[in-house]
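Visitor: Here it is, the structure, as structure tokens.
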Amino acid sequence: MIDVQGFQDKRNICVDQVGIWDVEYPVTVKDKMKGDQNTVAKIDMTVQLLPQFKGTHMSRMIEVLNRVRGEITMAVMPDILFEIRKNLESPQALMAMRFPYFIEKRSPVSELSSLFPVSVLFSGFSDETDGYNFILGVRVPVTSLCPCSKEISDGGAHNQRSFVTVYLKFSDFIWVEDVVKIIEKCASCEIFPLLKRDDEKKVTETAYRKPVFAEDMVRNIAEIFESMENVSWFMTETLHLESIHTHNAYARIERFREKTTVLLEHLRMFKGFPRI
């Protein structure tokens, strides 16, 4: 049959990214406590389209996903991207997976166990010249209590649910659970899916004793990741869904230990979590 995508395009314009977005697919990720965890991801896959081609063959991306059915992990992402580049005759490929990840948490006093969902991103970028780059993203809901409100009020202080996001480029391996713990440590208090009355008293008092601005939270997180030698780039941001203002509060810090060509090219095309 006629291959229209393979026709020569005479405009001589390269398309930076072309492909498929929001494909729902089962994935397997490493679980620190249980070994593996099965979840469902929304996957984006794109390639660079060279100027001589009219279009790309998007069905070939789905074919690659089908061949690694249920085994799409951080470890196999370089092989997936290499196969996509080869099948689509492209010098660059990008793949992003966003999925819910569940952590077993116990309430602080009653110690009742329940599942706590966080959002995770795997973003891989492959370039035939400069190699492979991987970014891990973790978004966690936490509690933040306003230091100014506490200072100026005779009793009480306003607090809110906040969403903290960390993006990391690292060597070796970092557990999602460890990133979650770092984020929660830097907040006023962590959030629990199941609380009884004694637990609610505990978390309310914990947050009151540890007020943090949005600026405090990202600085606290940045201080930890700047001290980790295996982290070569990170970005952290927090969005506080304010409870007494019509606006929300936002803060962000980004730091590089090394600026490689492949990292910079990845960041140029990088699509992280959607805004809250």
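Visitor: What's the carbon and sulfur percent of the stretch 63-102's accessible surface, probe 1.4 angstrom, rounded to a whole number?
Guide: With neighbouring chains kept in place, the figure for the stretch 63-102 is 52 percent.
Visitor: Now a separate question. Identify which of Leu49, Leu121, Leu112 has the largest mean-square fluctuation in a Gaussian network model of the chain, with springs joining Cα atoms closer than 10 Å.
Guide: Leu112
Visitor: Please find the FRET efficiency linking Thr204 to Ser171, where r is the Cβ-Cβ separation and R0 is fixed at 41 Å, and quote it to the nearest 0.05.
Guide: FRET efficiency, Thr204 to Ser171: 0.55.
Visitor: Follow-up question, since we're still on this one. Just to check I understand the Karplus step: with θ = phi - 60° and J = 6.51 cos²θ - 1.76 cosθ + 1.60, what whole-Hz values come out for the stretch 235-246, glycine and proline as x?
Guide: Rounded to whole hertz, the list is 9, 10, 9, 9, 10, 9, 7, 4, 9, 10, 10, 7.
Visitor: Still on this structure: Quick one: putting +1 on the C-beta of Lys and Arg, -1 on the C-beta of Asp and Glu, what dipole do you get for the stretch 229-269 around its Cα centre, in Debye to the nearest 20?
Guide: On the way: 5 positive and 6 negative charges, 23 e Å.
Dipole of the stretch 229-269, to the nearest 20 debye: 100 debye.
Visitor: Here's a follow-up. Which FRET efficiency value, to the nearest 0.05, is calculated for Trp21 and Glu229 with the Förster distance at 41 angstrom and r the Cβ-Cβ distance?
Guide: Efficiency computed from Cβ-Cβ geometry: 0.70.
Visitor: Same structure again: Please name whichever of Leu264, Leu239, Ala249 sits farthest to the positive end of the charge dipole of the stretch 213-276, dipole taken about the Cα centre and charges placed at Cβ: Lys and Arg +1, Asp and Glu -1.
Guide: Checked the options; the winner is Leu264.
Visitor: Then there is this: Along the charge dipole of the stretch 155-245, which of Ala214, Phe170, Ile224 sits closest to the positive end, that is, farthest toward it, with unit charges on the beta carbon of Lys, Arg, Asp and Glu (+1, +1, -1, -1)?
Guide: The residue sitting farthest along the positive end of the dipole is Ala214.
Visitor: When ligands, DNA and RNA are left out and all protein chains stay put, how many square angstrom of accessible area per residue does the chain have with a 1.4 Å probe?
Guide: In whole numbers, the chain has 53 Å² accessible per residue.
Visitor: Only Cα pairs within less than 10 Å get springs; with that Gaussian network setup on the chain, which residue of Thr260, Thr56, Thr143 has the largest fluctuation?
Guide: Between Thr260, Thr56, Thr143, it is Thr260 that shows the largest mean-square fluctuation.
Visitor: Right, something else. Any idea how far apart Cys148 and Thr39 come out in nm if each label point goes 7 Å out from Cα toward Cβ?
Guide: Label-label distance for Cys148 and Thr39, simple model: 3.5 nm.
Visitor: Rounded to the nearest 10 degrees, what's the angle between the helix 77-87 long axis and the longest principal axis of the chain, both from Cα atoms, 0 to 90?
Guide: So the inclination is approximately 30 degrees.
Visitor: About the Cα centre, and with charges only on the beta carbon of Lys, Arg (+1) and Asp, Glu (-1), how big is the dipole of the chain? Nearest 20 debye, please.
Guide: 360
Visitor: Gaussian network model of the chain, Cα springs within a sub-10 Å range: biggest mean-square fluctuation belongs to which of Gly155, Gly70, Gly131?
Guide: Result: Gly155 has the largest fluctuation of those listed.
Visitor: Test of understanding: what is the full-extension gain from Glu89 to Ile244, defined as 0.36 nm times their sequence separation minus their Cα-Cα distance?
Guide: 50.4 nm
Visitor: Note down the magnitude of the dipole of the stretch 113-229 about its Cα centre, charges +1 on Lys and Arg C-beta and -1 on Asp and Glu C-beta and zero elsewhere, to the nearest 20 debye.
Guide: Working: 13 positive and 19 negative charges, 139 e Å.
Here the stretch 113-229 has a charge dipole of around 660 debye.
Visitor: If you don't mind, another one. Longest exposed-loop-site-free stretch of the chain, with GluC sites (Glu not before Pro), DSSP loop and at most 10 other Cβ within 10 Å? Could the numbers behind the result be given before it?
Guide: Details: sites that count: Glu111, Glu229, Glu258.
Excluding the exposed sites themselves, the longest stretch runs over 112-228.
Visitor: In addition: At 1.4 Å probe size, with the rest of the protein present, what percent of the exposed accessible area of the stretch 150-276 is carbon and sulfur atoms?
Guide: Whole-percent figure for carbon plus sulfur exposure: 49.
Visitor: Another question, if that's okay. Take the eigenvalues of the Cα gyration tensor for the stretch 1-154, scale each by 5, and report the square roots as semi-axes in whole Å, largest first. Before the final figure, lay out each step's value.
Guide: Working: eigenvalues 331, 81, 31 Å².
Taking √(5λ) for each Cα gyration eigenvalue gives 41, 20, 12 Å.
Visitor: Also, quick follow-up: Say a paramagnetic label sat at a point 7 Å from the Cα of Cys14, along Cα to Cβ; which residues of the stretch 89-130 have their backbone N under 11 Å from it?
Guide: Within reach of a label on Cys14: 91-92, 128-129.
The values are calculated or read from the model by the stated rules, or taken from the named source; none is laboratory data. Being a predicted model, the structure only gives us computed values, none of them experimental. Using ideal geometry, Cβ is built from the backbone for each residue, glycine included, and neighbour counts are taken over all protein chains shown. In case anyone asks, the SASA skips ligands and DNA or RNA and just uses the protein heavy atoms, side chains included. Shrake-Rupley method; radii C 1.70, N 1.55, O 1.52, S 1.80 Å.
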